[in-house]
Structures are given as structure tokens and as C-alpha cells.
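One structure below.
The values are calculated or read from the model by the stated rules, or taken from the named source; none is laboratory data. Small disclaimer: the values here were computed from a predicted structure and weren't measured. Cβ atoms come from the backbone with ideal geometry, glycine included; neighbour counts cover every protein chain shown.
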Amino acid sequence: MYKQIETDILATLMGGTNFKPVATLVDEHGGKAHIHIDDHCYVLTLRRDMGYVATDHIFPEAFEVLKTLPSLTPA
């Protein structure tokens, strides 16, 4: 089960691009996820061997964290 922890300052996508998370979650098996903003949208990323990758699966704990974040202004 994922739980929210203190947000990391920076993380790196699999392609090498750095991003600034707005929320960080970890689970008891070493999994780590970040929520960040891209193109005026929240993006959920999961840690993989070579960096973080976006996922289209929103697990319940991430959904609960997303509900606490402010609404984003459309572009």
C-alpha cells in the first residue's frame, strides 16, 4: 500500500528529463511514485530501473493525494 511522504526535490524521467514532483508516494516493497505537472495537467509516474515513467493507472492512494492538490488553470 502506498503512502505519501515528504516530496522529493527532483526526479528524472526514463528519457533523462528532470521534473519537480508536487507529491511523492512510497510502498512497503520499495515502489515509489511521483505526481508532477506537465502541460497544465497532473501526471503520475512510477519508478523503473532507468528513471520514472508515466502511468495511465491511477491507484487508490494516488487518487486520494490528487484530491488534495489544487485545481490547475487551463492553458
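The table below gives the values:
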read-out: Matching residues in the range 16-46 - criterion: being of a type in the set (D, E, K, R) and surrounded by fewer than 15 Cβ atoms within 10 Å (Cβ to Cβ); value: K20, D27, E28, D38, D39
read-out: Criterion: without any contact (Cβ under 8 Å) to a residue 24 or more places away in the chain and of a type outside the set (V, I, T) - qualifying residue of D39, D8, D56; value: D56
read-out: Failed item in (1) within 19 Å of G15 (Cα to Cα); (2) over 12 Å from the mean Cα position of the chain (by Cα); (3) of a type outside the set (D, E), with T73 passing the rest; value: (1)
read-out: Residue count, the range 3-46 (criterion: assigned to a loop (DSSP other than H, G, I, E, B), under 21 Å from P70 (Cα atoms), of a type outside the set (A, V, I, L, M, F, W, C) and modelled with pLDDT of 95 or more); value: 5
read-out: Lone unmet requirement of (1) within 23 Å of T73 (Cβ to Cβ); (2) touching a Gly at 6+ places or on another chain (Cβ under 6 Å) for T45; value: (2)
read-out: All positions within the range 30-75 that are in contact with a His (Cβ under 7 Å, 6 or more places away or on another chain) and under 19 Å from G16 (Cβ atoms); value: V43, T45, Y52
read-out: Sole residue being surrounded by fewer than 10 Cβ atoms within 10 Å (Cβ to Cβ), under 20 Å from S71 (Cα atoms) and out of contact with any Leu (no Cβ under 7 Å at 6 or more places or on another chain), chosen from D49, D56; value: D56
read-out: Counted residues, the range 47-65 - those being of a type in the set (A, V, I, L, M, F, W, C), over 11 Å from L13 (Cα atoms) and not in a loop (DSSP other than H, G, I, E, B); value: 3
read-out: Residue selected from the range 51-70 under the condition closer than 15 Å to I5 by Cβ and of a type in the set (A, V, I, L, M, F, W, C), by the criterion farthest from the chain's Cα centre (by Cα); value: V65
